[in-house]
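S.K.: I'd like to ask you about the structure that follows.
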2 protein chains.
Amino acid sequence: MHGFHMKSDDNNILGITNCREIGRTCACFKVRKAARAITKLYEEVLRPSGLRATQFSLLMATRVMGPVTVLKLAQVMVMDRTTLTRNLEILEKRGLITSKTGEDRREREVSLTTAGMEVLTTAVPLWEEAQNQVEKGLGEERLHNLLGDLSEMISLARK
Amino acid sequence: MHGFHMKSDDNNILGITNCREIGRTCACFKVRKAARAITKLYEEVLRPSGLRATQFSLLMATRVMGPVTVLKLAQVMVMDRTTLTRNLEILEKRGLITSKTGEDRREREVSLTTAGMEVLTTAVPLWEEAQNQVEKGLGEERLHNLLGDLSEMISLARK
DNA sequence: TGATAATAAGTGTATATACACTTAATTAAA
DNA sequence: TTTAATTAAGTGTATATACACTTATTATCA
């Protein structure tokens with residue numbers, strides 16, 4: 001089900017040998033597809049916490065790094081800075097984080113609030129459920145390798 | 001740079017042994033991060049074609065499968081049907097695909113237009129550039145394994 | 001020191017994503 | 001065959017994503 005399937009035989013078009021191969025071999029397509037699938041799984045489990053997948057990651061990162069500037073957080077999240085700004089807006093409106101101007105007044109420093117910490121207390125066990133499901137399904141070894149290769153891909157893509 | 005980094009030593013909170021581990025081991029976070037990074041790479045290369053990554057995949061899938069129903073296409077893309085509806089809207093407005101009511105009048109059948117095919121003719125060589133970059137960076141063997149593991153993860157997540 | 005370059009962040013816009021709900025059409029059941 | 005259940009698709013809403021551009025502040029240099 002997870003590839004493009006031909007109906008007819010006119011596959012040698014656009015000057016490449018085998019058109020349908022792209023559906024199977026495209027790194028971007030596959031990773032995006034995997035992101036959609038895995039996100040759905042985690043978000044279903046995280047639902048009782050009221051957090052989306054990105055919000056959970058963002059709160060965890062802020063928890064560990066905060067107070068932290070927008071730029072630094074964006075780098076760690078491998079997320080465009082302007083995307084992060086929009087995501088932080090939502091979390092701040094909900095009172096899960098706060099931000100204030102930094103010592104360098106161009107910077108904005110983000111911190112987790114008590115409410116944010118409380119939401120994480122609810123969310124972390126849910127996260128563990130989802131994570132265990134994936135670990136059990138793929139096997140710890142294989143998942144570990146997969147995550148390592150993805151890290152490599154991320155480094156590679158950022159050059 | 002790609003993990004949560006602690007400042008202090010208060011890491012044993014929220015009832016889990018090591019908070020920062022989540023930033024390294026979370027399958028969802030890592031895959032989403034990789035999707036952002038790899039998408040950026042492909043979209044920079046695809047830019048001259050005027051196509052985003054998702055649009056390219058969608059046109060290729062339609063090219064290979066069309067005429068195809070929205071539901072079927074959504075399943076192959078591992079994409080929510082309503083997401084697909086919105087994505088198709090944009091491509092149809094640009095004249096790259098057409099859709100018409102199917103034999104079963106609940107269904108909508110999507111096909112690539114000549115203009116869509118022409119855009120793909122421009123895009124495919126660009127795609128190959130991006131793909132080669134990734135292949136060269138990770139190595140064919142490793143990329144192949146990675147894509148296989150991601151397929152496994154996708155299957156697993158859809159249960 | 002005053003002009004200029006560099007840096008951090010925000011805004012406008014467009015696309016991507018999916019849930020909850022609705023509508024239209026077909027199929028199955030009474 | 002009329003009704004009920006099922007199925008395919010669309011809409012309202014909210015979040016996620018990032019590029020191009022702008023603004024405010026700091027750093028550099030002539």
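S.K.: State the percentage of accessible surface on chain A attributable to carbon and sulfur atoms; use a 1.4 Å probe and exclude ligands, DNA and RNA. Working shown, then result.
M.R.: Values: 3740 of 7940 Å².
Roughly 47 percent, rounded to a whole number.
S.K.: Probe of 1.4 angstrom, ligands and nucleic acids ignored: what's the accessible area per residue over segment B:21-157, in square angstrom?
M.R.: Numbers: 6340 Å² over 137 residues.
Per-residue accessible area for segment B:21-157 comes out at 46 Å².
S.K.: Could I ask something else about it? Which of the trypsin sites (Lys or Arg not before Pro) found in segment B:19-110 are in a DSSP loop and have at most 15 neighbouring Cβ atoms, other than their own, within 10 Å?
M.R.: On the way: sites: B:Arg20, B:Arg24, B:Lys30, B:Arg32, B:Lys33, B:Arg36, B:Lys40, B:Arg52, B:Arg63, B:Lys72, B:Arg81, B:Arg86, B:Lys93, B:Arg94, B:Lys100, B:Arg105, B:Arg106, B:Arg108; in loops: B:Arg20, B:Arg52, B:Arg94, B:Arg105, B:Arg106.
Of the trypsin sites (Lys or Arg not before Pro), the ones in loops of segment B:19-110 whose Cβ has at most 15 other Cβ atoms within 10 Å are B:Arg94, B:Arg105, B:Arg106.
S.K.: Under the Karplus relation 6.51 cos²θ - 1.76 cosθ + 1.60, θ = phi - 60°, what is the ordered set of whole-Hz ³J(HN,Hα) values for segment A:65-72, x standing for Gly and Pro?
M.R.: 9, x, x, 9, 6, 4, 5, 4
S.K.: Probe radius 1.4 Å, ligands and nucleic acids left out: can you give me the accessible area buried at the A-B interface, summed over both chains, in Å² to the nearest hundred?
M.R.: Details: alone 11500 and 11510 Å², together 15870 Å².
That pair hides around 7100 Å² of surface in total.
S.K.: Moving to a separate point now. Per-residue ellipticity at 222 nm for the protein assembly as shown, helices alone: DSSP H runs ≥ 4 residues times -39500 (n - 2.57), over residue total, nearest 500 deg cm²/dmol?
M.R.: Values: 14 runs with 204 residues, N = 318.
Helix contribution divided over all residues of the protein assembly as shown: -21000 deg cm²/dmol.
S.K.: Which residue in chain A puts its Cβ closest to the axis that rotates chain A onto chain B, and at what distance in whole Å?
M.R.: That would be A:Ala35, 2.
S.K.: I'd like to know which of A:Val119, B:Leu88, A:Cys28 lies farthest towards the positive end of the charge dipole of the protein assembly as shown, counting +1 on Cβ of Lys and Arg and -1 on Cβ of Asp and Glu.
M.R.: B:Leu88
S.K.: Once you wrap a convex hull around the alpha carbon atoms of the protein assembly as shown, what is its projected area averaged over all directions, in nm²? Numbers along the way, then the final one.
M.R.: On the way: hull surface 71.3 nm².
In nm², the orientation-averaged hull projection of the protein assembly as shown is 17.8.
S.K.: Between helix A:114-138 and chain A, what is the angle of the helix's C-alpha long axis to the longest principal axis, kept within 0 to 90° and rounded to the nearest 10?
M.R.: Taking Cα atoms only, the helix is inclined about 20 degrees.
S.K.: If the reach is capped at under 13 angstrom between alpha carbons, list the aspartates and glutamates near B:Lys159, excluding any in the same chain fewer than eight residues apart.
M.R.: Answer for B:Lys159, where 13 Å is the Cα cut-off: A:Glu44, listed by chain and number.
S.K.: Separate question: Which whole number gives the average, over all residues in A:135-142, of C-beta atoms from other chains lying within 10 Å of the residue C-beta? Each step should come with its number before you reach the end.
M.R.: Working: counts 2, 1, 7, 5, 1, 1, 0, 4.
So the per-residue partner count for this stretch is 3.
S.K.: Which of the residue pairs A:Lys30/B:Lys93; A:Lys40/B:Lys40; A:Lys100/B:Lys40; A:Lys40/B:Lys30; B:Lys40/B:Lys136 have a Cα-Cα distance greater than 19 Å in the structure shown? Intermediate values should be presented prior to the final figure.
M.R.: Working: A:Lys30/B:Lys93 26 Å; A:Lys40/B:Lys40 22 Å; A:Lys100/B:Lys40 30 Å; A:Lys40/B:Lys30 14 Å; B:Lys40/B:Lys136 17 Å.
The answer is A:Lys30/B:Lys93; A:Lys40/B:Lys40; A:Lys100/B:Lys40.
S.K.: Provide, for q = 0.10, 0.12, 0.20 Å⁻¹, the log10 of I(q)/I(0) from a solvent-free Debye sum over equal Cα point scatterers in chain A.
M.R.: Log10 of I(q)/I(0), two decimals: -0.51, -0.69, -1.33.
S.K.: Can I ask one more? Quick one: go through segment A:124-142 and flag any residue whose amide nitrogen is under 11 Å from the point 7 Å out along the Cα-to-Cβ line of B:Leu156.
M.R.: Answer for segment A:124-142: A:131-142.
S.K.: Something else: List the aspartates and glutamates whose alpha-carbon lies under 12 Å from that of B:Lys72, not counting same-chain residues fewer than 8 positions away?
M.R.: B:Asp80, B:Glu107, B:Glu109
S.K.: Still on this structure, please answer the following. Specify the angular offset, from 0 to 90 degrees and rounded to the nearest 10, of the alpha carbon long axis of helix A:140-157 from the longest principal axis of the alpha carbons in chain A.
M.R.: 90
S.K.: How high is the relative contact order of segment B:21-157, in percent, counting Cα pairs under 8 Å that sit 6 or more residues apart?
M.R.: Working: 112 pairs, mean separation 33.0, N = 137.
Here the relative contact order equals 24 percent.
S.K.: Taking a ≥ b ≥ c as the square roots of the eigenvalues of the Cα gyration tensor of segment B:89-159, is the shape rounded (a/c under 1.5), prolate (a/b larger than b/c) or oblate? Mind dumping the intermediate values first?
M.R.: Details: a/c = 4.22, a/b = 1.48, b/c = 2.86.
Oblate.
The values are calculated or read from the model by the stated rules, or taken from the named source; none is laboratory data. Model, not experiment: these values are computed from the prediction. Please note: Cβ atoms are built from the backbone with ideal geometry, for glycine as well, and neighbour counts cover all protein chains shown. Note: accessible area is taken over every heavy atom of the protein model, side chains too, but ligands, DNA and RNA are not part of it. Shrake-Rupley method; radii C 1.70, N 1.55, O 1.52, S 1.80 Å.
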